[in-house]
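Asker: Let me begin by handing over the structure; questions about it come next.
The values are calculated or read from the model by the stated rules, or taken from the named source; none is laboratory data. Here the structure is a predicted model, which is why all the values come from computation and not from measurement. A quick note on method: Cβ atoms are made from the backbone with ideal geometry, for glycine too, and the neighbour counts reach across all protein chains shown.
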Amino acid sequence: MEEISEEEIEGLNREAELYRNKRDELNSKVKKRIAKRNELEKTLKQKISDAVSHKNNRDKLNNSIKEVKIEKDELLENVRNLSTEIMKIKKEILPANNMTIGGLKKKLNRLEFKQMTNVLTPQQERDIIEEMARLNKEIMMREELLAQNSVILDKNKDIKKLKQQLKELSNRIKTTSQEAQVEHEAMTSIFKEVDETRVNLESTRNEILKTRKDADKAHEEHIRLVERINELQEKRRETQKTRKKVMEEKSRGEIAKEADEIFARFQRGEKLSTEDLIVLQKAGIL
């Protein structure tokens, strides 16, 4: 039977120890990466919560802007209606020559510009001065008519109030839009961080799977070597047991042969020594 050496078993023990150390080292890495994964999952959850919070704030601000714009549109409609009513009253009380006060003032300005910039004959100068005087008189007359109309005055006051409200609403829209933009940019920035964290998290999860797989392989190899060592040690014990049995059987055969010789001497009447008697006892003759 082939002898299994102590050196062979020791070599396998060293190899098994290497795989055990490798397994423990890999399992330690798995624990660290699991801790990293848990931290990334916690961070990801918080970032998503923050991004959603900014999104909700942005949406609320945008809804507020929509409401203010509806209110602004209503005010603009009121201004247009009041302006239409004023125009209607003006048509009723002013001369029907299709010339508004604004139109008259523009015409007066053109004449003043012409008088200052052109070389005119005395007659042309007189004609322009007379026309400017007529326009001034008509403008003053129209403005006086309008100034005396309490309905127009009241409506103009209402329009002035509405325009002030419109200005305030426009400022609110501008301010709220800026706040909404800040929330939107914060949301966008955090969602970008969310994407980066997800990539990092996925990479860490893959590392955990790979390292755990390598650790399992190292563990399996360690177990295989331990089983092989146990198997060899068992074989070695069986070999030693068999060798001992053989040696014992060989020893008994030799003792029996020697006992036969001693017994023959005894039968011949020879004197036996103490050692001879012990051999006879071992052989079961005495």
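Asker: Ile190 is checked against (1) in a helix (DSSP H, G or I); (2) surrounded by fewer than 17 Cβ atoms within 10 Å (Cβ to Cβ) and fails just one. What number does that condition carry?
Answerer: (2)
Asker: Further question on the same structure: Does the range 44-66 include one or more residues that are in a helix (DSSP H, G or I), at pLDDT 95 or above, over 18 Å from the mean Cα position of the chain (by Cα) and β-branched (Val, Ile, Thr)?
Answerer: Yes.
Asker: Do we have Arg142 as in a helix (DSSP H, G or I), touching a helix residue (DSSP H, G or I) at 6+ places or on another chain (Cβ under 7 Å) and at pLDDT below 85 here?
Answerer: yes
Asker: For the range 115-145, which residues satisfy the criterion of being farther than 30 Å from Met87 by Cβ and either surrounded by 12 or more Cβ atoms within 10 Å (Cβ to Cβ) or in contact with an Asp or Glu (Cβ under 6 Å, 6 or more places away or on another chain) (or both)?
Answerer: Result: Gln115, Leu120, Gln124, Glu125, Asp127, Ile128, Ile129.
Asker: Hey, among Lys213, Lys157, which residue is surrounded by fewer than 13 Cβ atoms within 10 Å (Cβ to Cβ) and under 30 Å from Glu15 (Cβ atoms)?
Answerer: Step by step, each of Lys213, Lys157 is checked, and only Lys213 is surrounded by fewer than 13 Cβ atoms within 10 Å (Cβ to Cβ) and under 30 Å from Glu15 (Cβ atoms).
Asker: On to the next question. Mind listing whichever residues of the range 8-24 are of a type in the set (A, V, I, L, M) and under 18 Å from Gln233 (Cβ atoms)?
Answerer: Those that are of a type in the set (A, V, I, L, M) and under 18 Å from Gln233 (Cβ atoms): Ile9, Leu12, Ala16.
Asker: Between residues in the range 36-49 that are among the acidic types (Asp, Glu) and residues that are modelled with pLDDT of 95 or more, which pairs lie under 7 Å by C-beta distance while being six or more apart or on different chains?
Answerer: Close Cβ pairs (under 7 Å, with a partner that is modelled with pLDDT of 95 or more) amount to Glu41/Leu201.
Asker: Just to be sure, is Glu15 farther than 30 Å from Val199 by Cβ, in contact (Cβ under 8 Å) with a residue 12 or more places away in the chain, acidic (Asp, Glu) and surrounded by fewer than 17 Cβ atoms within 10 Å (Cβ to Cβ)?
Answerer: Spelling it out, Glu15 is indeed farther than 30 Å from Val199 by Cβ, in contact (Cβ under 8 Å) with a residue 12 or more places away in the chain, acidic (Asp, Glu) and surrounded by fewer than 17 Cβ atoms within 10 Å (Cβ to Cβ).
Asker: Of everything in the range 258-286 that's at pLDDT 75 or above and of a type in the set (Lys, Arg), which residue is surrounded by the most Cβ atoms within 10 Å (Cβ to Cβ)?
Answerer: My answer is Arg265.
Asker: Does the range 67-79 contain any residue that is in contact with a Lys or Arg (Cβ under 8 Å, 6 or more places away or on another chain) and of a type in the set (D, E, K, R)?
Answerer: no
Asker: Give the residues of the range 72-100 that are in contact with a helix residue (DSSP H, G or I) (Cβ under 6 Å, 6 or more places away or on another chain) and either exposed (fewer than 12 other Cβ atoms within 10 Å of the Cβ) or closer than 20 Å to Glu179 by Cα (or both), sorted by residue number.
Answerer: Passing the criteria: only Lys72.
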